[in-house]
Amino acid sequence: MNFMANRQYKDTVFRAFFNHEREIAELYQAIRPEDDVRAEDITITTLDDVFLDQQKNDLSFLWKDQSVVLVEHQSSLNPNMPSRLLVYSALVLLASFADSKALYGTKLVKIPAPHFYVLYIGDDMEQDEETLKLSAAFKEKGADLELVCHVFNITYKEHRTILERCRPLRDYSFFVHRIDEDKKSGMTLEEAIRETITYCITYGIMREFLEAHREEVLKMFALKWDAEEEKKVIREESREEGEAEGRAASVRSLMETLHCTREKAMELLKIPAELQPKVLALL
């Protein structure tokens, strides 16, 4: 398993772990329990550097040359996933044509049937499964195109059906869960990742993968968490800026009505001390 050699650490652990036909087959078997999914029927078609900002789709593969399956792993619920998957699927299908000129001929060109899945880990989804539809984004109803995306909750939980069906997915889910729990107990991020890696190797959870790629996993997860923390900070700053603008408008109105100072207006409006500097900067 040398598939992570020379990879950038920006790749996610999920993307690296499910980069082998064996794990993909087990994952797809869990998603489609009614079918017989074997590793030899899987052809990986995952895209690299899809967009200008070098985002990558997490996982795509052909199954028996009859289905093209796109899987995205998310830690925040994103209603735009159907739109993103529409673009990904077009690129994957285009790449699958040996002769794209055949599309302009008179003979029907058969293409693999697309299927779309999102695997979600987080606190914002209570149910085990839900669906997202591309049509929800259209500006008018009755469009001639639809895309259905199936969202599975893979947040670690005992007796969660999809995790019980797929050992690699359950192991990965537990791995993420263990890091979260260690962080909550007071460990630094690096301590939490290292402790989790050691624990999982000891108890046979993702053992082969973690033994071979311990340091790469540490770096990838550290970057992933740093990026998520940055997003949280940006969201919080945006919320505070919006609140400050609203408070500043109230202060101006009160100053005009009562002919009072800025400080008096903020006192009357009971603006929190930590927010006052931002409000003052807007006056």
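Just so it is clear, none of the values below were taken in a lab; they were calculated from the coordinates. In this text the structure is predicted, and so the values were computed from the model without any measurement. Cβ atoms come from the backbone with ideal geometry, glycine included; neighbour counts cover every protein chain shown.
Need one number: nm distance between label points at residue 145 and residue 191, each 7 Å from Cα along Cα→Cβ, rounded to one decimal.
Going by the 7 Å Cα→Cβ label model, 5.1 nm.
Packing-wise, with mean Cβ within 10 Å as the measure, how do 147-160, 266-279 rank, highest first?
147-160, 266-279
Take the cross-link list 107/139; 133/157; 184/219; 157/183; 64/101 and give me the ones stretching past 29 Å between alpha-carbons.
Exceeds cut-off: 107/139.
Points 7 angstrom from Cα along the Cβ direction at residue 20 and residue 124: gap in nanometres?
3.3 nm
Trypsin sites (Lys or Arg not before Pro), restricted to the stretch 83-152: which are DSSP loop and have at most 11 other Cβ atoms within 10 Å?
Numbers: sites: 84, 101, 107, 110, 133, 139, 141; in loops: 107, 110, 139, 141.
Answer in residue order: 107, 110, 139, 141.
Enter the per residue convex hull volume of the stretch 116-161, computed from alpha-carbon coordinates, in Å³ rounded to the nearest integer.
Numbers: hull volume 3.8 nm³, N = 46.
It is 82 Å³ per residue.
Pulled fully out, how much extra length does the chain show between residue 259 and residue 110, if you take 0.36 nm times their separation in residues and subtract their Cα-Cα distance?
Working: separation 149, 0.36 × 149 = 53.64 nm, distance 7.57 nm.
Computed gain between residue 259 and residue 110 is 46.1 nm.
Take the eigenvalues of the Cα gyration tensor for the stretch 81-133, scale each by 5, and report the square roots as semi-axes in whole Å, largest first.
33, 10, 8
Return the Cα extents of the stretch 239-282 along principal axes one, two and three, sorted largest first, each rounded to a whole Å.
29, 16, 15
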